[in-house]
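One structure below.
The values are calculated or read from the model by the stated rules, or taken from the named source; none is laboratory data. Because the structure is a prediction, the values reported are computed rather than measured. Glycine gets a Cβ as well: all are built from the backbone with ideal geometry, and neighbour counts include every protein chain shown.
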Amino acid sequence: MESFDSVYIDTELEEIGSRIRTPTDIYLIGGCAMAFRKLKEATKDMDIVFRSKEDYKAFCSALFGAQYHISAQIKDEHGKLDACVMYENKDKFHLDLFVQRVCGKMALSQTMIARAEPYKTYGNLNVLLISKEDIFIFKGLASESRKRDLSDMRIIYPNLDWNIAFAEIRLQNLSGELVAHIVRRFEEFGKMYGLDIPIMRQLKRLAKTKDR
């Protein structure tokens, strides 16, 4: 899959933003947020979370005119709502769109929103970047088959506030299974790069508590 740099993504957001009619906020949670922070040169897609269905609809209404089409839809575990809608343009650049909760796992919380950094405004489109701590958690929740996320986690690792990271995981009220998944991903990351995860003991304790 091709990668796209921050200049390309900026141009796409400019085009989309010019077509949005009402003030709309989007939160970038993955490699795109890293690219805009100059932490990586390029990314394969743009992961976007919306605070509301209204913002989601306003954004999607601009995509057809910006030459995007739906490439996939993923239902939640109940089969009722779209857990993720994927759009694609002629260059095969993907937008993965989530409303409030990402893949039915972690929510865009008020604390995440408070930590988010305003990046740029494109017409009525306000783009915000979630914190490095929150990106690290999201990548820890990704599928264990996504090994490329581990290298992103290595880039983000320096100077993380681990108190913020653990507080967010605890606040999310994740299932014991999901906390255990984070533990496994963090352990894999630590072994791969020889780095310590200072909150590992607390996470393991939290996972056991959730299983009771």
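Is it true that SER131 is of a type outside the set (A, V, I, L, M) and within 17 Å of VAL102 (Cα to Cα)? Steps first, answer last, please.
Values: of a type outside the set (A, V, I, L, M): yes; within 17 Å of VAL102 (Cα to Cα): yes.
Spelling it out, SER131 is indeed of a type outside the set (A, V, I, L, M) and within 17 Å of VAL102 (Cα to Cα).
Within region 80-168, which helices (runs of 4 or more DSSP H) (wholly inside it) include 2 or more residues that are of a type in the set (Phe, Trp, Tyr)?
Working: elements: 110-115, 132-141, 148-156.
Ranges flagged: 132-141.
Answer yes or no: is there a residue in region 145-159 that is of a type in the set (Val, Ile, Thr) and closer than 20 Å to ASP96 by Cα. Within region 145-159, none of the residues are of a type in the set (Val, Ile, Thr) and closer than 20 Å to ASP96 by Cα.
Restricting the search to region 134-145, which residues are touching a helix residue (DSSP H, G or I) at 6+ places or on another chain (Cβ under 8 Å) and surrounded by fewer than 19 Cβ atoms within 10 Å (Cβ to Cβ)?
Going through region 134-145, the residues touching a helix residue (DSSP H, G or I) at 6+ places or on another chain (Cβ under 8 Å) turn out to be 134-137, 139-142, 144.
The answer is GLU144, and nothing else.
Restricting region 93-133 to residues that are at pLDDT 95 or above and basic (Lys, Arg) leaves a set whose member that is surrounded by the most Cβ atoms within 10 Å (Cβ to Cβ) is LYS132.
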